[in-house]
Amino acid sequence: MEHYKITLSSDDVPTQWYNINADLPVELPMPKNSEGKDQIASLQKAFTKAGLEQEFSQERYIKIPSEVRELYMKMGRPSPLFRATNLEEYLNTPAKIYYKREDTSPTGSHKLNSAIPQAYFAKKEGVERLTTETGAGQWGTALSLACNLLDLDCTVYMVRVSFDQKPDRKNIMNIYNGDVYASPSENTEVGRQILAENPDHPGSLGVAISEAMEEALAYDEVKYTLGSVLNQVMLHQTVIGQELKTQLEIAEEEPDVMIACAGGGSNFAGSLFPFIKDKIDGNSDTQFIAVEPSACPTLTQGSYEYDFGDVNGFTPMLKMFTLGHDFVAPSVHAGGLRYHGMSPQVSLLTKEGYIEPRSAHQREVFEAGITFARNEGVLPAPETTHAIKVAIDEAIKCKETGEEKTIVLNFSGHGMLDLKGYASYFEGNMLDAK
Ligand SMILES: *Cc1c(COP(=O)(O)O)cnc(C)c1O
């Protein structure tokens, strides 16, 4: 029988997160203060204790609290694994293509996998409200829902241009009971200062981070959260890869190529770190590919050095691939892939040769996304189309060489709230640069 879809039962939701810190081939460089500042102290005040502990833990496996595991189940985990047989036939390739469906989360992406535990640990520590920033809106949406499930207030600072361009995202955060403010806002000192100078300031992730952090630093009952880049976020997302391992065993498949898009690195890390462990241990020769937009080529063209996580230098410096903290990516539709830096763990593994980075142009990824939707039915998020583009490239290579490779990609989210991007593809308005 063909395996079109491999589902698991609630019991198969992992009981532990996998922490790659325990297995890295060289030690992960620690965050650093910049001269004359103590950003590490600020971060310690802004985050939950549990979050900080996980950030630096060397334990290989960390138990998932039963309440968190239960919420994972209630929100639909485990997510299914599908085989893209229509796409294979369309491409006329001997390769097999599988995709792990993180779009089946109620908020439409993998982000809820970290939003739930971050909200849970905050609640346990007596926190009353979480703050965060959001660009494209996926993280703000997931955190709004997680906070509502755990009876916490949630304040989201959304970059003003996105706030104005994406009213649907604000709407869905409101539905999940999140308070959304266009950033810069009147709520904070930083916001008021910027607005006094320029009432029409378009906002930026850097400004939004500053606003969200200012609140967490000012009030004891408020903490700050981040949806990617940090080790703890990579850790939480490993539920994806552990489920995927079980599913590939059921399908009796050994993956040859595994692919995910990379913005801050969390869906890549979550789906692939459990497999990269096998490679570090010398038990696998799977190829791991991280795909980013050519308009924001962090891993393919950035340098591996200490840099700030935000534009203003509020965060400690992290050793990572970076395009420079003042890099402003062109406004491509894959908003989730426009970050100047990359997870320090994903960066280190790329530096050490375990991960192969590739970049793709916006026009060609949308084309791949549409090909996928026409054959498989599911409409990918603009971010996800990057992984699809490379999966299609690899499948076409197999057609040329006759190799029957097994290709697996992480389908990080759906594109039903990103239809504007698809419309501009059909209108022929896609940025031609790069
Ligand atoms: C946020 C997001 C990304 C990029 O973030 P990572 O941390 O690199 O995973 C990719 N795909 C979707 C659907 C997203 O929402």
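The values are calculated or read from the model by the stated rules, or taken from the named source; none is laboratory data. Just so it is clear, the structure is predicted and the values come from calculations on it, not from any experiment. Cβ: placed from backbone, ideal geometry, glycine included. Neighbour counts: every protein chain shown.
Taking His236 as meeting all but one of (1) surrounded by fewer than 24 Cβ atoms within 10 Å (Cβ to Cβ); (2) part of a helix (DSSP H, G or I); (3) touching a Pro at 6+ places or on another chain (Cβ under 7 Å), write down the number of the exception.
Every condition holds for His236 apart from (1).
In region 302-318, what residues are away from the ligand (no atom under 16 Å from the Cβ), in a loop (DSSP other than H, G, I, E, B) and not polar (S, T, N, Q)?
Across region 302-318, the qualifying residues are Val311, Gly313, Phe314, Pro316.
For Val311, all conditions in the list (1) over 21 Å from Glu27 (Cα atoms); (2) buried (at least 24 other Cβ atoms within 10 Å of the Cβ) hold save one; what is the number of the exception?
For Val311, the failing item is (2).
Filter the helices (runs of 4 or more DSSP H) completely within region 341-413 down to those with at least 3 residues that are in contact with a Ser or Thr (Cβ under 7 Å, 6 or more places away or on another chain) and within 16 Å of the ligand (Cβ to nearest atom).
362-376
Quick check on region 186-196. Is at least one of its residues among the β-branched types (Val, Ile, Thr) and in contact with a Lys or Arg (Cβ under 8 Å, 6 or more places away or on another chain)?
no
Assuming Pro78 fulfils every condition listed in (1) at negative phi; (2) within 16 Å of the ligand (Cβ to nearest atom) apart from one, which condition is it?
(2)
Among the residues of region 247-269, are any hydroxyl-bearing (Ser, Thr, Tyr) and either within 21 Å of Pro78 (Cα to Cα) or touching a Ser or Thr at 6+ places or on another chain (Cβ under 7 Å) (or both)?
Taking every residue of region 247-269 in turn, at least one turns out to be hydroxyl-bearing (Ser, Thr, Tyr) and either within 21 Å of Pro78 (Cα to Cα) or touching a Ser or Thr at 6+ places or on another chain (Cβ under 7 Å) (or both).
Just wondering, is there one or more residues in region 325-338 that are at pLDDT 90 or above and outside any strand (DSSP E or B)?
No; the residues of region 325-338 include none that is at pLDDT 90 or above and outside any strand (DSSP E or B).
Condition first: in contact (Cβ under 8 Å) with a residue 60 or more places away in the chain and either in contact with a strand residue (DSSP E or B) (Cβ under 8 Å, 6 or more places away or on another chain) or under 25 Å from Gln237 (Cα atoms) (or both). Now tell me which residues in region 88-104 satisfy that.
Passing the criteria: Glu88, Ala95, Lys96, Ile97, Tyr98, Tyr99, Lys100, Arg101, Glu102, Asp103.
Restricting to region 244-301, give me the number of residues that are within 15 Å of the ligand (Cβ to nearest atom) and hydroxyl-bearing (Ser, Thr, Tyr).
Of the residues in region 244-301, 4 are within 15 Å of the ligand (Cβ to nearest atom) and hydroxyl-bearing (Ser, Thr, Tyr).
Give the residues of region 83-106 that are part of a strand (DSSP E or B) and within 18 Å of Glu254 (Cβ to Cβ), sorted by residue number.
Residues satisfying the conditions are Arg83, Lys96, Ile97, Tyr98, Tyr99, Lys100.
Just to check your reading of the model, which residue among Ser303, Ser271, Ser284 is at pLDDT 95 or above, surrounded by fewer than 18 Cβ atoms within 10 Å (Cβ to Cβ) and either touching a strand residue (DSSP E or B) at 6+ places or on another chain (Cβ under 8 Å) or at positive phi (or both)?
Residue meeting the stated conditions: Ser303.
Taking the condition of being free of Cβ contacts under 8 Å to residues at least 24 places away in the same chain and under 19 Å from Ala373 (Cβ atoms), how many residues in region 65-87 meet it?
The number of residues fulfilling the criteria is 0.
Is there a residue in region 163-179 that is among the polar types (S, T, N, Q) and surrounded by 22 or more Cβ atoms within 10 Å (Cβ to Cβ)?
Checked region 163-179: no residue is among the polar types (S, T, N, Q) and surrounded by 22 or more Cβ atoms within 10 Å (Cβ to Cβ).
Mind checking whether some residue in region 225-239 is under 25 Å from Ala122 (Cα atoms), more than 16 Å from the ligand (Cβ to nearest atom) and touching a strand residue (DSSP E or B) at 6+ places or on another chain (Cβ under 9 Å)?
Checked region 225-239: no residue is under 25 Å from Ala122 (Cα atoms), more than 16 Å from the ligand (Cβ to nearest atom) and touching a strand residue (DSSP E or B) at 6+ places or on another chain (Cβ under 9 Å).
What residue, among those in region 319-336 that are within 16 Å of the ligand (Cβ to nearest atom) and among the aliphatic types (A, V, I, L, M), is surrounded by the most Cβ atoms within 10 Å (Cβ to Cβ)?
Filtering first and then ranking leaves Met320.
Quick one: which residue in Tyr354, Tyr339 is surrounded by 22 or more Cβ atoms within 10 Å (Cβ to Cβ) and not charged (D, E, K, R)?
On inspection, the qualifying residue turns out to be Tyr339.
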